[in-house]
Amino acid sequence: MPTKEAISLCKTILRNGYDAYIVNAPLQLELHEKLGLNELDIACEPDFETLSKLFPNLERGTEPEVVATWKSDETGMRYRFYTTDVSASSHPDMSLTRLTPHILSVLRGRAPEQYTAVMRMPEFINSDRVIEDVSCGTIRLGGIPELTMRRNYLLGIRALRLAANYDLPVEPATWVAIVQAASRIADYVPSHEFVAEWRKVAAENMWRFIQLLADASILHRLIPEVAALDSLKQNKGKHVDDEQSVFQHTIDCMRYYPEERLHHDWIGVVAVFFMDVGKLYTAQRVGTRWTFFQQHRVGAKVTRKILRRLHFDPEDIDTICGLVRNQFRFQSMMTDRGIRRFLELPDTERLIEVARANIRAQQDGNYTNFNHNLKYLERGELPLQMLEPLLNGNEIMEYTGLPQGPEVGILRSALLNAQTRGEVTTTDVAIAFVRAYASRLEELK
């Protein structure tokens with residue numbers, strides 16, 4: 001039997017920790033019996049250097065895709081060693097059956113009538129790369145896209161990533177192949193490989209990458225919680241009739257976030273991608289407007305679940321979830337105390353850009369609160385006693401018996417100056433100070 005020696009070769013490779021099998025064994029046996037073909041193709045995992053250590057008499061392959069060749073002195077059988085499919089993202093069929101270029105050439109040149117159906121299999125099924133056809137202005141898969149995709153479904157994600165980074169359209173046949181394979185891409189591409197491709201997307205272009213994933217129906221399978229936002233509406237501006245999908249708002253925010261200061265902040269844009277996921281669980285229609293109370297807290301919890309599912313690094317998960325949870329901290333008008341609490345948070349610069357992006361994404365975005373908070377940031381580094389007196393106006397009137405009027409303002413300013421000089425440091429001292437100052441004002445009348 002011609003396969004006995006081939007099986008022995010495969011077992012030797014397997015014993016050394018590598019995969020190996022006879023390519024399409026039934027077909028090759030039939031070719032041997034009917035055509036007298038004294039050659040056999042083997043698919044294996046190791047490269048030529050590794051094979052040479054196992055079989056010293058190997059010759060380096062010179063034919064397409066052939067890693068090595070070896071002719072048996074005992075049987076006269078010639079063996080060709082090809083690389084096997086080791087991608088975790090390929091279709092299962094690719095790990096079971098394969099037509100090598102050598103088998104295809106035999107079928108074309110010497111095969112009888114019954115092999116014509118097999119001969120129609122394209123010889124360039126072996127393409128396994130994405131071609132950046134910048135000269136033609138497209139991104140496409142090599143070979144026949146649908147067949148290339150079956151070898152490695154990660155290529156679909158890679159094509160979309162390149163299309164986003166280069167701002168180029170996906171070639172039509174490649175786009176159809178990606179859309180048709182959307183469910184298999186989600187089924188067969190490991191989450192860590194998807195995230196590895198995702199990390200290669202530039203922060204400025206991530207909105208385009210996410211939009212392509214959504215258009216190809218891949219996002220609905222990988223991150224359905226965010227994709228579902230396309231079916232959820234929110235008020236775009238003050239006019240109740242002006243609505244947009246929550247997903248479109250997310251895309252707009254992702255687009256605006258890196259434009260001002262954080263151009264390469266990949267983590268920040270990912271956080272913006274998850275900013276609205278809580279709206280899926282908190283949406284309510286109140287009168288003529290949509291509300292999403294506590295969406296930031298709910299969203300942070302849901303985001304943590306998603307990122308764990310995608311096997312993000314724990315440090316990145318904490319950072320992203322923190323940004324989602326605190327996304328509104330810079331969007332309301334803050335007092336000095338509020339600014340100080342804000343400055344105690346991590347990633348304040350990112351939170352400021354989140355607020356800016358959210359305003360720009362609104363149709364009639366109002367910068368009043370944003371500009372107020374920016375101004376108060378300058379005061380945030382000053383000690384609080386230099387900005388606010390220990391007693392407010394009502395308390396000054398209570399402790400001094402003064403009526404409402406300009407004298408209260410004079411006492412307030414005098415108290416703040418005393419605090420700045422360090423003369424007043426506690427509330428009790430402040431009470432004594434305003435009483436004494438009020439007495440001096442009374443004497444001057």
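The values are calculated or read from the model by the stated rules, or taken from the named source; none is laboratory data. Bear in mind that the values here come from a model prediction, so they are computed numbers and not experimental data. When we count neighbours, we look across all protein chains shown, and the Cβ atoms used for this are built from the backbone with ideal geometry, even at glycine. What goes into the accessible areas is simple: the full protein's heavy atoms, side chains included, and nothing from ligands, DNA or RNA. Shrake-Rupley method; radii C 1.70, N 1.55, O 1.52, S 1.80 Å.
Is it the case that T100 is open to solvent by less than 20 Å² (accessible area, probe 1.4 Å), touching a strand residue (DSSP E or B) at 6+ places or on another chain (Cβ under 6 Å), closer than 26 Å to N16 by Cβ and at pLDDT below 90? It is true that T100 is open to solvent by less than 20 Å² (accessible area, probe 1.4 Å), touching a strand residue (DSSP E or B) at 6+ places or on another chain (Cβ under 6 Å), closer than 26 Å to N16 by Cβ and at pLDDT below 90.
All told, E193 meets the bar of being touching a Leu at 6+ places or on another chain (Cβ under 8 Å) and open to solvent by 40 Å² or more (accessible area, probe 1.4 Å).
Quick check on A20: is it surrounded by 18 or more Cβ atoms within 10 Å (Cβ to Cβ), touching a Cys at 6+ places or on another chain (Cβ under 6 Å) and either free of Cβ contacts under 8 Å to residues at least 12 places away in the same chain or at negative phi (or both)? For A20, the condition - surrounded by 18 or more Cβ atoms within 10 Å (Cβ to Cβ), touching a Cys at 6+ places or on another chain (Cβ under 6 Å) and either free of Cβ contacts under 8 Å to residues at least 12 places away in the same chain or at negative phi (or both) - is met. Being free of Cβ contacts under 8 Å to residues at least 12 places away in the same chain and under 26 Å from A202 (Cβ atoms), is that true of even one residue in the range 292-310? Yes, that holds for at least one residue.
Each row is one residue, and each column tells you yes or no for (1) among the hydrophobic types (A, V, I, L, M, F, W, C); (2) open to solvent by less than 20 Å² (accessible area, probe 1.4 Å); (3) in contact with a strand residue (DSSP E or B) (Cβ under 9 Å, 6 or more places away or on another chain).
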site	(1), (2), (3)
N38	no, no, yes
P56	no, no, no
W70	yes, no, yes
Y79	no, yes, yes
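Looking at the range 107-123, is at least one residue modelled with pLDDT of 75 or more, assigned to a helix (DSSP H, G or I) and of a type in the set (S, T, Y)? Scanning the range 107-123, I find no residue that is modelled with pLDDT of 75 or more, assigned to a helix (DSSP H, G or I) and of a type in the set (S, T, Y), so the answer is no.
Please find, among I185, I144, the residue that is buried (at least 19 other Cβ atoms within 10 Å of the Cβ) and of a type outside the set (G, A, S). Result of the check over I185, I144: I185. Going by what's in this entry, would L222 be described as touching a strand residue (DSSP E or B) at 6+ places or on another chain (Cβ under 8 Å), at pLDDT 95 or above and open to solvent by less than 40 Å² (accessible area, probe 1.4 Å)? So L222 does not fit the description; no. With the checklist (1) under 18 Å from I267 (Cβ atoms); (2) in contact (Cβ under 8 Å) with a residue 60 or more places away in the chain in hand, flag the one item Y188 doesn't pass. Just one mismatch for Y188, condition (1).
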